[in-house]
Amino acid sequence: MLPSGDYKIQNFLHTDRFIHMKADGTVVGYEDADILHVTDAALGLATLFDKLRNQYILMDNETGHVVGSAESQVLQFSTEGDGKYIIHIMNVNEVWLLNKGKDWTPIVTAQAPPPGVQDYERKYWLFAEVC
């Protein structure tokens, strides 16, 4: 279980890309990490708050993008061991994906790619606690 606290969140496949929110609210992979606060963590469920932009991070079901918002959304952090997490809405089979290892690549939501599919590890995220 992921405890409440401040984190930098890194993509597992694209190891030099972190979660970053642009000024327009688009959430992207970027070389510098935003500090995100995991709040109300219980049973693998929590919200993510971007301290730099003063906004929550959520999955926009209409656009398929991960975006900033004044409203919170409860997310589920499912672990498959080794500190790797999949981020999604509870009971929804769409997960956060970073499809390319380049700066400014939008983080999108889609069906979780199964093991064995090329680049399936783009769905995993690592949480590094910030002290």
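The values are calculated or read from the model by the stated rules, or taken from the named source; none is laboratory data. Note that the structure is a prediction, hence the values are computed from the model and not measured. Counting neighbours? That spans all protein chains shown, and the Cβs are built from the backbone with ideal geometry, glycine included. Protein only, heavy atoms only, side chains kept; ligands, DNA and RNA dropped before computing areas. Shrake-Rupley method; radii C 1.70, N 1.55, O 1.52, S 1.80 Å.
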Could we say that M90 is aliphatic (A, V, I, L, M), touching a residue at least 24 places away in the same chain (Cβ under 8 Å) and in a loop (DSSP other than H, G, I, E, B) here?
yes
State whether the residues of the range 47-62 include one that is part of a strand (DSSP E or B), at pLDDT below 95 and open to solvent by 70 Å² or more (accessible area, probe 1.4 Å).
no
Does L98 count as open to solvent by less than 50 Å² (accessible area, probe 1.4 Å), out of contact with any helix residue (DSSP H, G or I) (no Cβ under 9 Å at 6 or more places or on another chain) and at negative phi?
no
Matching entry among V66, V38 (being within 19 Å of A110 (Cα to Cα), in contact (Cβ under 8 Å) with a residue 24 or more places away in the chain and either out of contact with any strand residue (DSSP E or B) (no Cβ under 9 Å at 6 or more places or on another chain) or not in a loop (DSSP other than H, G, I, E, B) (or both)):
V66
If a residue has to be in contact with a Phe, Trp or Tyr (Cβ under 6 Å, 6 or more places away or on another chain), surrounded by fewer than 16 Cβ atoms within 10 Å (Cβ to Cβ) and either without any contact (Cβ under 8 Å) to a residue 40 or more places away in the chain or assigned to a strand (DSSP E or B) (or both) to count, how many in the range 104-127 make the cut?
1
So, in the range 26-44, of the ones that are on the phi < 0 side of the Ramachandran plot and modelled with pLDDT under 95, which residue ends up surrounded by the fewest Cβ atoms within 10 Å (Cβ to Cβ)?
A42
